[in-house]
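**Q** Mind looking over this structure? Questions follow.
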Amino acid sequence: MSWNQTTLGKICDKVGGVIQTGPFGSQLHQSDYSQDGIPLVMPKDIIEGRIVTKNIARVAPEHVERLAKHKLKSGDIVYGRRGDIGRQALVRQPQAGWLCGTGCLRLSLGDSIIKPAFLHYYLRDSKIIGWITNQAIGATLPNLNTSILRSVPVYLPPLPTQRKIAAILSAYDDLIENNLRRIKILEEM
């Protein structure tokens with residue numbers, strides 16, 4: 001079983017996918033945020049590979065329609081592009097229709113060549129984060145752009161192997177999350 005070497009950009013082009021930045025400040029202003037509405041995922045909302053909604057910004061549905069090309073779909077990866085390089089999350093079904101925020105990049109590569117869960121774990125690997133960090137622009141506040149993400153090297157196993165790897169790592173993540181919840185409950189008691 002051989003693993004093919006490629007890049008995110010080549011995969012994107014093959015499947016007609018998308019690697020794009022979130023809306024620019026001129027497209028979405030802080031005054032567009034509201035108490036209710038559709039969540040807008042910013043880098044601060046991405047914690048340990050998950051989207052956390054505790055203090056998430058929201059926008060009215062009319063802004064979502066205006067910014068439809070930034071809508072997240074299940075299986076997308078939302079990746080923070082400023083500061084803490086490597087901050088990314090897999091978009092799950094309950095988050096479909098939310099918006100990719102200004103400080104993020106959206107990767108939408110389907111699942112015919114690379115399984116989204118496999119890509120999510122692959123991008124969390126310390127070697128890949130290191131590679132991306134070395135490409136980031138800016139000494140004080142590192143920034144990513146679509147060109148950098150497109151050039152990320154990917155070692156791609158066959159789809160069945162991708163599914164197995166993602167399933168094993170997902171099971172460990174679930175175990176860790178359950179144990180953390182139990183610890184919190186015990187501490188509160």
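The values are calculated or read from the model by the stated rules, or taken from the named source; none is laboratory data. What you see is a predicted model; the values in this text were computed from it and never measured. Because the Cβ atoms are built from the backbone with ideal geometry, glycine has one as well, and the counts that use them run over all protein chains shown. Just so you know, the surface numbers come from the protein's heavy atoms only, side chains and all, with ligands and any DNA or RNA stripped out. Shrake-Rupley method; radii C 1.70, N 1.55, O 1.52, S 1.80 Å.
**Q** Just name one of GLY75, PRO160, GLN30: the one whose Cα is farthest towards the positive end of the charge dipole of the chain (beta-carbon charges, Lys/Arg +1, Asp/Glu -1).
**A** Checked the options; the winner is PRO160.
**Q** Can you figure out the FRET efficiency of ALA68 with ASN179, using R₀ = 35 Å and their beta-carbon distance, to the nearest 0.05?
**A** Numbers: r = 39 Å, r/R0 = 1.13.
After rounding to 0.05, the efficiency reads 0.35.
**Q** ASN4 versus SER34, label points 7 Å from Cα toward the beta carbon: distance in nm?
**A** Those two pseudo-labels are separated by 4.5 nm.
**Q** Accessible area per residue, 1.4 Å probe, Å², for the chain: what's the number?
**A** Details: 10410 Å² over 189 residues.
Value returned for the chain: 55 Å² of accessible area per residue.
**Q** If the chain between ARG92 and THR133 were fully stretched, how many nm would it gain, using 0.36 nm times the residue separation less the Cα-Cα distance?
**A** Numbers: separation 41, 0.36 × 41 = 14.76 nm, distance 2.57 nm.
Extra length from ARG92 to THR133 when fully extended: 12.2 nm.
**Q** If you don't mind, there's one more thing I want to ask. Carbon and sulfur atoms: what percent of the 1.4 Å accessible area of the chain do they account for?
**A** Numbers: 5650 of 10410 Å².
The C+S portion of the solvent-accessible surface of the chain is 54 percent.
**Q** What is the gain in length, in nm to one decimal, between MET189 and ASP111 on full extension, counting 0.36 nm per residue of separation less the C-alpha to C-alpha distance? Please list the in-between numbers first.
**A** Details: separation 78, 0.36 × 78 = 28.08 nm, distance 4.36 nm.
Net length gain for the segment: 23.7 nm.
**Q** Relative to the Cα centre, what is the charge dipole magnitude of the chain, using +1 at the beta carbon of each Lys and Arg, -1 at the beta carbon of each Asp and Glu, and rounding to the nearest 20 debye? Working shown, then result.
**A** Numbers: 24 positive and 16 negative charges, 78 e Å.
Once rounded to the nearest 20, the dipole reads 380 debye.
**Q** Now, a different point. Could you sort the peptides 80-93, 104-117, 23-36 by per-residue average Cβ neighbour count (10 Å cutoff), highest mean leading? Numbers along the way, then the final one.
**A** Working: 80-93: 19.4, 104-117: 21.6, 23-36: 11.5.
Highest-to-lowest ranking by the protection proxy: 104-117, 80-93, 23-36.
**Q** Given the options VAL64, LEU123, LEU186, identify the residue whose Cα lies farthest towards the positive end of the charge dipole of the chain (+1 on Cβ of Lys, Arg; -1 on Cβ of Asp, Glu).
**A** LEU123
**Q** Give the label of the value calculated from the structure for volume of the Cα convex hull per residue in Å³, choosing from (1) 167; (2) 108; (3) 141.
**A** Among (1) 167; (2) 108; (3) 141, the one calculated here is (3).
**Q** Please arrange GLU177, GLU65 by accessible surface area, largest first, computed with a 1.4 Å probe and ligands excluded. Provide the component values of the computation, followed by the final result.
**A** Working: GLU177 65, GLU65 120 Å².
In descending accessible area the options line up as GLU65, GLU177.
**Q** Rank these by accessible area, largest first, 1.4 Å probe: LEU67, LEU186. Let's see the in-between values first.
**A** Numbers: LEU67 10, LEU186 120 Å².
Highest to lowest solvent-accessible surface, that is LEU186, LEU67.
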